[in-house]
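Right, one structure below, let's go through it.
The values are calculated or read from the model by the stated rules, or taken from the named source; none is laboratory data. The model shown is predicted, which means the values in this text are computed figures rather than measured ones. Quick reminder, even Gly has a Cβ in these numbers, built from the backbone with ideal geometry, and neighbours come from all protein chains shown.
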Amino acid sequence: MYETINLRSAIKLAILVITAILFCQWNGSTLYAQKTMKQKDTLKFENKIVPDEIWRETYVALSHYPELKETPIEFKFKKNIQKSFMQAQPKLSGLFKNKKDRAYFVMISEHIEIEDQVFDVKNVPSDVLIGWIGHELGHIMDYRERSALNMIWFGIKYLTSKTYIQEAERAADTYAVNHGLGKYIIATKDFILNHTHLADSYKARIKKLYLSQEEIMVLIDEIDEEED
């Protein structure tokens, strides 16, 4: 009888301990979610539409581009973007408006397949994602200075000339680095170039079209010297 009572007490105690642990975990998760939502609510985007999955990284990238504060930009997931993870483009409905009144998309591929390797935006490290977004915002900085006809000509040349693709991509990288995103752009390069499962042909394409890590470091050093 005594052993039975002890067994019952032990079971009750175990249930109480497990319940307490589960409650603490649930309460901690709830508080974290509330804290996250509260933090998100305090970081206001102006004229921006941003998916919840990337709001932190988008906020960091946008904070480096004060010129884009009033610019309408919609960050939008897309099932597939050919040969790219992200793509910035003007909204066609506003292409012929005053340059200051244009709106833009940043299309983000939910999944990207490169040489039989499938990447999900949720699996990309935060710094890498910031670098990618910062690069696309660099494209928008470039687009802001172009007339409608120039944008159309830009699109034609981008689709038909690898040399022009290189110029456009290096310009976007340069905008990003000049706006203080150099370390994030390097993180993005590292992610691509040091990913063992990506084909050498794809890595060679990235090396050819974009700024190299060495060139980025030179730009960063030049910026530091100017600030000193």
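What to note about this one:
- Qualifying residue in the stretch 180-200 (condition: of a type in the set (Ser, Thr, Tyr) and free of Cβ contacts under 8 Å to residues at least 24 places away in the same chain): yes
- Residue match in the stretch 69-76 (condition: without any contact (Cβ under 8 Å) to a residue 60 or more places away in the chain, in contact with a strand residue (DSSP E or B) (Cβ under 8 Å, 6 or more places away or on another chain), crowded, with 18+ Cβ neighbours inside 10 Å and of a type in the set (Lys, Arg)): no
- Checking each residue in the stretch 218-228 for being assigned to a helix (DSSP H, G or I) and free of Cβ contacts under 8 Å to residues at least 12 places away in the same chain picks out Val218, Asp221, Glu222, Asp224, Glu225, Glu226, Glu227.
- Filter result for the condition that a residue is within 20 Å of Gln87 (Cα to Cα) and modelled with pLDDT under 90, over Arg144, Arg170, Arg205: Arg205
- Considering residues of the stretch 51-68 that are outside any helix (DSSP H, G or I) and modelled with pLDDT of 95 or more only, the residue farthest from Arg144 (Cα to Cα): His64
- Residues that are out of contact with any Ser or Thr (no Cβ under 6 Å at 6 or more places or on another chain) and part of a loop (DSSP other than H, G, I, E, B), drawn from the stretch 81-104: Gln82, Lys83, Ser84, Lys91, Leu95, Phe96, Lys97, Asn98, Arg102, Ala103
- Residue in the stretch 182-201 that is touching a His at 6+ places or on another chain (Cβ under 8 Å) and at pLDDT below 95 present: yes
- When the stretch 79-98 is filtered for residues that are among the aliphatic types (A, V, I, L, M) and closer than 18 Å to Thr58 by Cα, the ones remaining, listed by number, are Met86, Ala88.
- Helices (runs of 4 or more DSSP H) completely within the stretch 109-212 that count 1 or more residues being within 14 Å of the chain's Cα centre (by Cα) and surrounded by 14 or more Cβ atoms within 10 Å (Cβ to Cβ): 126-143, 162-176, 182-193
- Residue within the stretch 114-127 that is in the same structural domain as Leu193 (by TED's automatic domain parsing) and within 16 Å of Leu62 (Cα to Cα) present: yes
- Filtered by the rule that a residue be under 17 Å from Ala88 (Cα atoms) and small (Gly, Ala, Ser), the stretch 154-180 gives Gly155, Ala168, Ala171, Ala172, Ala176.
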